[in-house]
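Asker: There's a structure below that I have some questions on.
The values are calculated or read from the model by the stated rules, or taken from the named source; none is laboratory data. It should be emphasised that the depicted structure is a prediction, and the values quoted were computed from it without experimental measurement. Cβ coordinates were reconstructed from backbone atoms using ideal geometry, including for glycine residues, and neighbour counts include every protein chain displayed. Ligands, DNA and RNA are excluded from the accessible area calculation, which covers all protein heavy atoms including side chains. Shrake-Rupley method; radii C 1.70, N 1.55, O 1.52, S 1.80 Å.
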Amino acid sequence: MEFKAEDIAKFLNGEVVGNPQVTVNNVSKIEEGKAGTLAFLANPKYESYIYESEASVILVNSDFFPKREVKATLIKVADAYQAFASLLTMYEQARANLRTGIEQPSFVHESAVIGEKIYVGAFAYISRNVRLGNRVKIYPQVFVGENVVIGDDTILYPGVKIYNDCKIGSRCIVHAGAVIGADGFGFAPQDDGSYRKIPQIGNVILEDDVEVGANTTIDCSTMGSTIIRKGVKLDNLIQIAHNCEVGENTVIAAQAGIAGSSKVGKNCRLGGQVGIAGHLTIRDNVQIGAQAGIMKDVQNGEILLGSPAVDLKQSMRISAILKNLPQLRHDLMELQRDMKKISAQKADE
Amino acid sequence: MEFKAEDIAKFLNGEVVGNPQVTVNNVSKIEEGKAGTLAFLANPKYESYIYESEASVILVNSDFFPKREVKATLIKVADAYQAFASLLTMYEQARANLRTGIEQPSFVHESAVIGEKIYVGAFAYISRNVRLGNRVKIYPQVFVGENVVIGDDTILYPGVKIYNDCKIGSRCIVHAGAVIGADGFGFAPQDDGSYRKIPQIGNVILEDDVEVGANTTIDCSTMGSTIIRKGVKLDNLIQIAHNCEVGENTVIAAQAGIAGSSKVGKNCRLGGQVGIAGHLTIRDNVQIGAQAGIMKDVQNGEILLGSPAVDLKQSMRISAILKNLPQLRHDLMELQRDMKKISAQKADE
Amino acid sequence: MEFKAEDIAKFLNGEVVGNPQVTVNNVSKIEEGKAGTLAFLANPKYESYIYESEASVILVNSDFFPKREVKATLIKVADAYQAFASLLTMYEQARANLRTGIEQPSFVHESAVIGEKIYVGAFAYISRNVRLGNRVKIYPQVFVGENVVIGDDTILYPGVKIYNDCKIGSRCIVHAGAVIGADGFGFAPQDDGSYRKIPQIGNVILEDDVEVGANTTIDCSTMGSTIIRKGVKLDNLIQIAHNCEVGENTVIAAQAGIAGSSKVGKNCRLGGQVGIAGHLTIRDNVQIGAQAGIMKDVQNGEILLGSPAVDLKQSMRISAILKNLPQLRHDLMELQRDMKKISAQKADE
């Protein structure tokens, strides 16, 4: 797709400075800009790049005036970064909208109820009693289990697996390979050392606007629901165990894991590879640093680090001392020698 | 599916107290019970819930006598929890048994030998010389490589991938996205800094009654077999490297990883995100806390924590001191000041 | 497939000692060798096994002379290990070459350009404008997005998912369930606590000779490319975030994670479960121990351990002291008591 500078300017309600007929067919970072691409300059810190960039069109803030000659056509807008982002979003949507209709061969059970303008890719499998909202996109090789309900405008990327009875909200995005609703890890120990499986007949609920990363796993509840609240963003390779709940607008980085029955509050941020033990309550606005291990409840607004995790400031103090632990030990041994000397002198007196 | 209280009682060999004609079509926790559901009360601690529950039928132990009025129909049984669990298991099986036959399109190589009453979902791929036992369930989009043997009653959930030559026992459950038998991570360093791949031509053996979680990976052996013994339960996103062996009835929580050629004994329990280095021997009945890092052999019955891991008691003592490390350092500095003072006095005397 | 000792010897340019007519149909470790298998002895440390092994044919170095009777037919070659490895590689290739042609049903968009002697398995999906090199093997249930380019001799194992616009080099191996090019984890916080998705329109580039483990995820760049350089080997369940770069011939063990925009140099080795924070630069020849947490830039050739990571020697010193922390604290308290006593005596004087 090719776009003229003047058309982009019209769409963004911006002003063209330079040749309005120049066309672009891709985007670039300003420092890597090549002919035929569109870039942006928002942060004055990077101004020097604009004089060297080969990008054909550059979005700038309306208060920007070049100090030297610029090769590119400029488009002046109220907020160059926002304008750029909205162009990208539009571009992505235009592209995604190329995927429509039901490709063959795919498997859509006759009892499934499907909305308007949906996409079902080849080799996707829609089980009995599934309900798909409008404009849902089911990419190839996705599996949707029995009785699953999926809201409007949700996207399931290739190979996503949704087990029976799960509920997925509207405008959710689930990336390739994610598994929603597999059995929780529950086993009753038997006298002979073996384990009997505890049936896991609950489900997973993703509320609206949830994003789930590639190969992330969210297990179903033993009974009832594992719940991921509105606006939660999960990165790749995360584990959410059975009976957990993650609160609104909480963001979790890659490879973190939450053990069974723990609840995480709203607006929290969990770093990569964080581990949260089972049956805990993490309240709202909590921040947990990468690789931390949480073994007890966390109060509102706490900032934690380390394994086992402690308060951020304390953790930094401890880390600083840890680095100097050999010196500390050396000092201690010196004191012991001094003390010995003094005690010997005393004995002599 | 709807069930009458009197039919459930007959099945469980229990006694109805209340209206035997009441029907249920789902289960619930007693504290969240709604009309039309079946709940149970096993632990006397939760007795108060029975007087408020809206559940239509509640299983209770035969020695339970309500102190106040109960709306629900009660069914008295020897062990309310076990009875509830067996109902769930039955319900799950009834539901799973709806999946039978070979759906189209699927790919079953003409040389494959398949048992009775199996299910092969659409878009599943069964390679050359595969042997499937009776009542095996292969969900959609599963891949089964050449010469793979799968025992009776085993379930492979959607998207499971089994590489060539692996052997899967009877009554195993492998969850969506798990990969069994991918190449072990073996490379020989070359003089120019590059690596030459060491062929990985072994396989993976899962013995009977093994459960493998979603997106877990178990690599094939370089030669011979990576072995997961009878009754092992693996959670989601676990990594088992080439040439490993995991002993009978060992249970491993999510995101743990075992490096190449390490052996874990029987009846062990490994916490989430545990890491075990390569070429180690972990003996039987070992317990390892979440996020621990194991860098040397572990003896029978040890309980370990921390990274690098130490004995549980020692680890707790160390953790307690670590939290107070700033105080410890402060005390040390105070001692140094005192010592300086004393030494100065001595010099003065 | 059966092979005669004399034919193997001819292929390896080796010399037969014993019966040249003996046949083998599989390989084994020398200590586990069974009749009908081929084993090797390279390390003199294991010489004793050769006198007990049941293997039918054993490769040995040309300077090896048995001290006792050996049942097996020996084949003497310049380097027994290398000879064995090259036999395995040949065997693997012969076997892989059984997979050719385009199986049905599969989905290959009419605009896709495909090379010679390729394999496309059933239920694989090749999108619009894809270009596949010669001898590429696409296993069943693989998804290849729009405009993806794949070089010669590359293998994508079952269920691999490649998002739009990614570039995969020649001779790459991507294992089952790996996801290449899913959206980077980028969200702009909004005033109401929710997050707006930042479009991720870049791609992933795998250069030549890269191997990617099962269920590993490599996210696309926000703009531009996430780059995995020539010869990199990635184990299973690894997370590489958006805008990262991994340098030539770097090797990363299972479950490690690299956060957004970090760069790792050439010839590095990262242990299992390592975490690298975002926006860091790790230079060349760096080694990082398992479970380490990297929170700042790393210089050429550093060897790091721990979380937060420190230099190897310092880390080992710290670990040693940590184990004895209870003793250290005890010594400190003893000193405090002694000091108190002395101060009391001073006051008395």
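Asker: HN-Hα J couplings of the stretch C:81-97 from phi, Karplus 6.51/-1.76/1.60, θ = phi - 60°, integer Hz, Gly and Pro as x?
Answerer: Listing the rounded values in order: 5, 4, 4, 4, 4, 6, 5, 4, 4, 4, 5, 4, 5, 4, 5, 4, 6 Hz.
Asker: If the limit is 31 Å between Cα atoms, which of B:LYS323/C:LYS340; A:LYS137/B:LYS230; A:LYS197/C:LYS29 go over it?
Answerer: Violating the 31 Å Cα-Cα cut-off are A:LYS137/B:LYS230; A:LYS197/C:LYS29.
Asker: Right, another one. Net charge within 15 Å of A:ARG229 by Cβ-Cβ distance, Lys/Arg positive one each and Asp/Glu negative one each, not counting A:ARG229 itself?
Answerer: Within the 15 Å Cβ shell, the charges total 0.
Asker: Of C:LEU305, C:LEU132, which has the most accessible area and how do the rest follow, probe 1.4 Å?
Answerer: Largest accessible area first, the residues go C:LEU305, C:LEU132.
Asker: Another question, if that's okay. For the stretch C:237-247, what does the Karplus curve 6.51 cos²θ - 1.76 cosθ + 1.60, with θ = phi - 60°, yield as ³J(HN,Hα) per residue in whole Hz, taken in order and with x for Gly and Pro?
Answerer: Result, rounded to whole Hz: 6, 8, 10, 10, 7, 5, 6, 7, 9, 10, x.
Asker: Next up: Would you list, by chain and number, the aspartates and glutamates whose Cα falls below 19 Å from the Cα of B:LYS346, excluding same-chain residues fewer than 8 positions away?
Answerer: In chain and number order, the partners are A:GLU334, A:ASP338, A:ASP348, A:GLU349, B:GLU334, B:ASP338, C:ASP338, C:ASP348, C:GLU349.
Asker: How much length, in nm to one decimal, is gained on full extension between A:THR100 and A:ASP7, taken as 0.36 nm per residue of separation minus their Cα-Cα distance?
Answerer: 30.8 nm
Asker: On average, how much area does the Cα convex hull of the stretch C:35-74 cover when viewed from any direction, in nm²?
Answerer: Reported value for the Cα convex hull: 2.5 nm².
Asker: Extending each Cα 7 Å along its Cβ direction at C:GLU47 and A:PHE65, get the distance between those two points in nm, one decimal.
Answerer: Using points 7 Å along Cα→Cβ, the separation is 8.9 nm.
Asker: Now, a different point. Please compute, for peptide C:315-324, the average count of beta-carbon atoms on other protein chains lying within 10 Å of each residue's beta-carbon.
Answerer: Other-chain Cβ atoms within 10 Å of each residue's Cβ, averaged: 4.
Asker: Packing-wise, with mean Cβ within 10 Å as the measure, how do A:41-50, C:109-118 rank, highest first?
Answerer: Output ranking for A:41-50, C:109-118: A:41-50, C:109-118.
Asker: Still on this structure, please answer the following. Work out the mean other chain Cβ neighbour count within 10 Å for the residues of B:227-236 and drop it here as an integer.
Answerer: Mean number of neighbouring Cβ atoms from other chains: 4.
Asker: Continuing with the same structure: Between B:ILE227, B:ILE252, B:ILE198, which gets the highest mean-square fluctuation from a Gaussian network model of chain B, Cα cutoff 10 Å?
Answerer: Most flexible of the set in this elastic network: B:ILE198.
Asker: Continuing with this model, one more query. Write down the percent of antiparallel bridges among all DSSP beta bridges whose residues are both part of chain B, to the nearest 5.
Answerer: The antiparallel proportion sits near 15 percent.
Asker: Now for a separate question. Local charge sum around B:VAL286 (other residues, Cβ-Cβ under 9 Å, Lys/Arg +1, Asp/Glu -1)?
Answerer: 0
Asker: Could you sort the peptides A:17-30, B:270-283, A:151-164 by per-residue average Cβ neighbour count (10 Å cutoff), highest mean leading?
Answerer: A:151-164, B:270-283, A:17-30
Asker: Also, I was wondering about something else. Evaluate the relative contact order of the stretch C:130-241 (contact order divided by residue number), counting alpha-carbon pairs under 8 angstrom at least 6 apart; express in whole percent.
Answerer: 21 percent
Asker: Name the residue from A:ASN97, B:PRO20, C:LEU206 whose Cα lies farthest towards the positive end of the charge dipole of the protein assembly as shown, charges +1 on Cβ of Lys and Arg and -1 on Cβ of Asp and Glu.
Answerer: In the protein assembly as shown, that residue is C:LEU206.
Asker: Return the distance in nm (one decimal) between the two label points of a simple spin-label model at C:SER86 and A:SER111, each offset 7 Å from Cα along Cα→Cβ.
Answerer: So the two model labels end up 6.2 nm from each other.
Asker: Here is a further query. Counting only other chains, and only Cβ atoms inside 10 Å, what mean value do you get across the residues of A:24-36?
Answerer: Counting other chains' Cβ atoms within 10 Å and averaging over A:24-36 gives 1.
Asker: Here's another thing I want to ask about it. When each copy gets a label point 7 Å from Cα toward the beta-carbon at A:PRO20, what are the spacings between them in nm, shortest first?
Answerer: When each copy's label point is compared with this one, the spacings are 8.7, 8.8 nm.
Asker: Can you give me the pair-distance distribution of the stretch B:3-96, C-alpha pairs, 10 Å bins, whole percents?
Answerer: Calculated P(r), rounded to whole percents: 19, 57, 22, 2, 0.
Asker: For chain A, list log₁₀ I(q)/I(0) at each q in 0.14 Å⁻¹, using the Debye formula over Cα point scatterers of equal strength and ignoring solvent, two decimals each.
Answerer: Debye curve over Cα of chain A, log10 I(q)/I(0) at q = 0.14 Å⁻¹: -1.11.
Asker: What are the distances, in nm and sorted shortest first, from the label point of C:ASN147 to the label points of the same position in each other copy, with each label point placed 7 Å from Cα along the Cα-to-Cβ direction?
Answerer: When each copy's label point is compared with this one, the spacings are 4.3, 4.3 nm.
Asker: What order do you get for B:168-175, C:341-348 when each peptide is scored by the mean count of other beta carbon atoms within 10 Å, highest first?
Answerer: In descending order of packing, they fall as B:168-175, C:341-348.
Asker: How far is the Cα center of the stretch B:253-268 from the Cα center of the stretch B:212-228, in Å?
Answerer: 11 Å
Asker: Something else: Once the other residues with Cβ under 9 Å from the Cβ of C:GLY177 are scored (Lys, Arg +1; Asp, Glu -1), what is the net sum?
Answerer: Every neighbour counted, the sum reads +2.
Asker: Considering only DSSP beta bridges where both residues belong to the stretch C:131-264, give the percentage that are antiparallel (nearest 5).
Answerer: 10 percent
Asker: So for the stretch C:198-309, averaging the separation of alpha carbon pairs under 8 Å that are six or more residues apart and normalising by length, what relative contact order in percent results?
Answerer: RCO, the stretch C:198-309: 16 percent.
Asker: Out of every Cα pair in the protein assembly as shown, what percent are spaced more than 40 Å from each other?
Answerer: Within the protein assembly as shown, distances greater than 40 Å cover 49 percent of Cα pairs.
Asker: Kirkwood hydrodynamic radius, computed over distinct alpha-carbon pairs, for the stretch B:191-322: how many Å, to one decimal?
Answerer: 15.0 Å is the Kirkwood radius here.
Asker: Calculate, in whole percent, how much of the Cα-Cα pair population of the stretch B:108-150 lies beyond 15 Å.
Answerer: Roughly 32 percent, rounded to a whole number.
Asker: Counting DSSP beta bridges in the protein assembly as shown, what percent are antiparallel, to the nearest 5?
Answerer: Rounded to the nearest five, the antiparallel share is 15 percent.
Asker: Something else: About the Cα centre of chain B, how large is the charge dipole given +1 on each Lys and Arg Cβ and -1 on each Asp and Glu Cβ? Please answer in debye to the nearest 20.
Answerer: Dipole magnitude for chain B comes out near 360 debye.
Asker: What FRET efficiency comes out for the pair B:ASN147/A:GLN190, r = Cβ-Cβ distance, R0 = 41 Å, nearest 0.05?
Answerer: Plugging the Cβ-Cβ distance into 1/(1 + (r/R0)^6) gives 0.75.
Asker: Using a label point 7 angstrom from Cα along Cα-to-C-beta, what distances in nm, from shortest up, separate A:MET90 from the other copies?
Answerer: 6.2, 6.2
Asker: If amide H atoms are built 1.01 Å from N in the plane of the peptide, which residues on other chains or at least 5 residues away come under 5 Å of the amide H of A:GLY257?
Answerer: For A:GLY257, the qualifying residues are A:GLN239, A:VAL274, A:GLY275, A:ILE276.
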